[in-house]
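First up is the structure itself, then whatever we jot down about it.
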Amino acid sequence: MDKEIKAQWIAALRSGRYRQGYCFLKAEVDGISHFCCLGVLCELALEAGVVSSEMPDNAGIVNYAEGSYTLPAVVRHWSGIQSSVGSFRVNGRRGESLATLNDTNRLDFNSIAIVIENEL
């Protein structure tokens, strides 16, 4: 993963600026944005002009390029992440994914930032 983008992502996750959400990159719920940890990376890509976003329907789920639930290829290429769900290896073996840590395990953004620091 690109070191500069990684540092920006970790800082963004720890900033308190993003409200955590689950099972989508970003959704608008009652006028409030909710993000998966991967959605925060998409927001950084949006701010950098790498990707666009749109809300295609009334459900409030936001699309970044071709993705609403997993990282779009353009964001993966820009950031250097190989997997659309943020898979990582632990001790040389396939570990979990950042999507699983966020959506299933419900780790908070600070805990996920620690995983990103140590594993990506």
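Data table
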| read-out | value |
| --- | --- |
| Close pairs from region 25-53: first under 15 Å from A113 (Cα atoms), partner surrounded by fewer than 16 Cβ atoms within 10 Å (Cβ to Cβ), Cβ under 7 Å, at least 6 apart | F35/R19; C36/Y22 |
| Yes/no for S68 being at pLDDT below 95 and closer than 24 Å to S53 by Cβ | yes |
| Residue tally, condition of a type outside the set (G, A, S) and assigned to a loop (DSSP other than H, G, I, E, B), over region 10-24 | 5 |
| Condition check for G67: among the small types (G, A, S), buried (at least 16 other Cβ atoms within 10 Å of the Cβ) and over 22 Å from S15 (Cβ atoms) | yes |
| Residue in region 106-120 that is surrounded by the fewest Cβ atoms within 10 Å (Cβ to Cβ), counting only those that are at pLDDT 95 or above and outside any helix (DSSP H, G or I) | R106 |
| G21 vs. criteria out of contact with any helix residue (DSSP H, G or I) (no Cβ under 8 Å at 6 or more places or on another chain) and either without any contact (Cβ under 8 Å) to a residue 12 or more places away in the chain or surrounded by 12 or more Cβ atoms within 10 Å (Cβ to Cβ) (or both) | no |
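The values are calculated or read from the model by the stated rules, or taken from the named source; none is laboratory data. No experiment lies behind these values; they were computed from the predicted model shown. When we count neighbours, we look across all protein chains shown, and the Cβ atoms used for this are built from the backbone with ideal geometry, even at glycine.
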